[in-house]
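*Asks:* Supplied in structure tokens, the structure appears directly below.
What follows draws every value from the coordinates through simple rules; no lab data is involved. Everything quoted here is computed from the prediction, not taken from an experiment. Every residue, glycine as well, gets a Cβ built from its backbone with ideal geometry; the counts of neighbours run over all protein chains shown.
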Amino acid sequence: MSSEAARRIVVTGATGNVGTSVMRLLSEDPEVGSVLGMARRTPDWSPPKTQWAAVDLASDRSDLADMFEGAAAVIHLAWAFQPTHDPASTWRTNVLGGMQVFDAVATARVPALIHASSVGAYSPGPKDHAVDESWPTHGWPDAAYCREKAYLERALDTFDRAHPRVRVVRMRPAFLFKRQSASEQRRIFGGRFLPGPLARPELLRFLPDIPGLRVQALHSDDAATAYQLAVKSDVRGAFNLAAEPPVDARVLGEMLGARPVRLPRTAARSAIAAAWGLHLLPASPHLFDAVLGLPLMDCTRARTELGWRPERSATEVLEEFVQGLQHGAGAPTEPMRGRKVG
């Protein structure tokens, strides 16, 4: 990328888990002249070369094309996980808001669109070997998160055909963690009043071993590196992003010093469904079903075409995240604020 083309990058969802990592990396990149971070609530945090714009994709009908004018790339990260009891609300933000971003990219003639898809966009797949980017992306229809990620994949299929001059990149990362995301993710998936200090290995003597619960993890900073490389490389298409090893009860048990105990899938789901139905747990049983079906991803394409490799193993990522939970770690943005509880 020429220095002229690299002058200005726009990032939606810039104050979240991945967004804060992307903003930091881009602000430190000498090939990037300026970065516009877009979020519902602008932060006091201001890395070098950054500006902020307050935009709510669920309700604002701002002229995004004006904001995108002259950008070398738009990195679309904005996503709402909650309220899980109101899928129409997340649909407005994630799907309708995402399509609004795509339309603005075309109108402003931005040469590159880098979209945050997810392993959640994939159809159910194998747990004993990894699949590449050609695996079907129809999601799990009963889980709003997967349904919305899959729908945007179809929207991008149409966008690709209609706007061949726009270089479209779809990142499909595994579950993303870092120390500073601990408080935010505890609130999103565990609830506002789940005490972070309880995440102590010495308190966890037994670990539920649920059939099918084998997933991949990745540090948010490593994901941000892939986004940075995609801005600066002449690549298109989808890229799987994950660190080794795949995480299951055995791996977690070794990490936490806990003994895995087999728990029937139906028992685990019933407990989650009851807590979700009583509004005690934000994570829905539908998402639990989806996680059990997610395939393991092969990341060869990211290594060979992007030159990307994660710096941290999946176990290092989770160890860092657990420490963050214990200490109520966070970052200086509204979604990432740090609290141990409440």
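*Asks:* Sort out which residues of the stretch 1-34 are closer than 22 Å to Pro111 by Cβ and acidic (Asp, Glu), and write them in order of number.
*Replies:* Listed by number, the residues that qualify are Glu4, Asp29, Glu31.
*Asks:* Name the helices (runs of 4 or more DSSP H) wholly within the stretch 1-94 that hold at least 3 residues that are in contact with an Asp or Glu (Cβ under 9 Å, 6 or more places away or on another chain)? Steps first, answer last, please.
*Replies:* Details: elements: 17-28, 64-68, 87-91.
Answer list for the stretch 1-94: 17-28, 87-91.
*Asks:* Which numbered condition trips up Gly37, out of (1) closer than 21 Å to Pro111 by Cβ; (2) in contact (Cβ under 8 Å) with a residue 40 or more places away in the chain?
*Replies:* It is condition (2) that Gly37 fails.
*Asks:* Here are Pro164, Pro173, Pro124: which of them is more than 22 Å from Ala224 (Cα to Cα) and touching a residue at least 12 places away in the same chain (Cβ under 8 Å)?
*Replies:* Residue meeting the stated conditions: Pro124.
*Asks:* For the stretch 297-334, which residues satisfy the criterion of being outside any helix (DSSP H, G or I), closer than 21 Å to Thr225 by Cα, in contact (Cβ under 8 Å) with a residue 12 or more places away in the chain and of a type outside the set (Asp, Glu)? If you could, list the steps in order and put the result at the bottom.
*Replies:* Let us first name the residues in the stretch 297-334 that are outside any helix (DSSP H, G or I), namely 297-299, 307-313, 328-334.
Adding the requirement that they be closer than 21 Å to Thr225 by Cα leaves 297-299, 307-313, 330-333.
Imposing the further condition that a residue be in contact (Cβ under 8 Å) with a residue 12 or more places away in the chain reduces the set to 297-299, 307-308, 310-313, 330-333.
Met297, Cys299, Gly307, Trp308, Pro310, Arg312, Ser313, Gly330, Ala331, Pro332, Thr333 - these are the residues of the stretch 297-334 that are outside any helix (DSSP H, G or I), closer than 21 Å to Thr225 by Cα, in contact (Cβ under 8 Å) with a residue 12 or more places away in the chain and of a type outside the set (Asp, Glu).
So that you can scan it fast, the table gives a plain yes or no per residue for (1) hydrophobic (A, V, I, L, M, F, W, C); (2) more than 25 Å from Ala144 (Cβ to Cβ); (3) surrounded by 15 or more Cβ atoms within 10 Å (Cβ to Cβ):
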{"site": "Ile9", "(1), (2), (3)": "yes, yes, yes"}
{"site": "Thr12", "(1), (2), (3)": "no, no, yes"}
{"site": "Val18", "(1), (2), (3)": "yes, no, yes"}
{"site": "Val22", "(1), (2), (3)": "yes, no, yes"}
{"site": "Ser27", "(1), (2), (3)": "no, yes, yes"}
{"site": "Val32", "(1), (2), (3)": "yes, yes, yes"}
{"site": "Pro47", "(1), (2), (3)": "no, yes, no"}
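*Asks:* Can you pull out every residue in the stretch 122-163 that is surrounded by 14 or more Cβ atoms within 10 Å (Cβ to Cβ), charged (D, E, K, R) and over 24 Å from Arg236 (Cβ atoms)? Walk me through it before giving the result.
*Replies:* In the first step, residues of the stretch 122-163 are kept if they are surrounded by 14 or more Cβ atoms within 10 Å (Cβ to Cβ); the result is 122-125, 127, 130-131, 133, 135-140, 143-153, 155-156, 159-160, 163.
Imposing the further condition that a residue be charged (D, E, K, R) reduces the set to 127, 133, 147-149, 153, 160.
Hits for the stretch 122-163 are Lys127, Arg147.
*Asks:* Within the stretch 111-155, which residues are among the charged types (D, E, K, R) and touching a Gly at 6+ places or on another chain (Cβ under 6 Å)?
*Replies:* So in the stretch 111-155, the residues among the charged types (D, E, K, R) come out as 127-128, 132-133, 142, 147-149, 153-154.
Residues satisfying the conditions are Arg147, Lys149.
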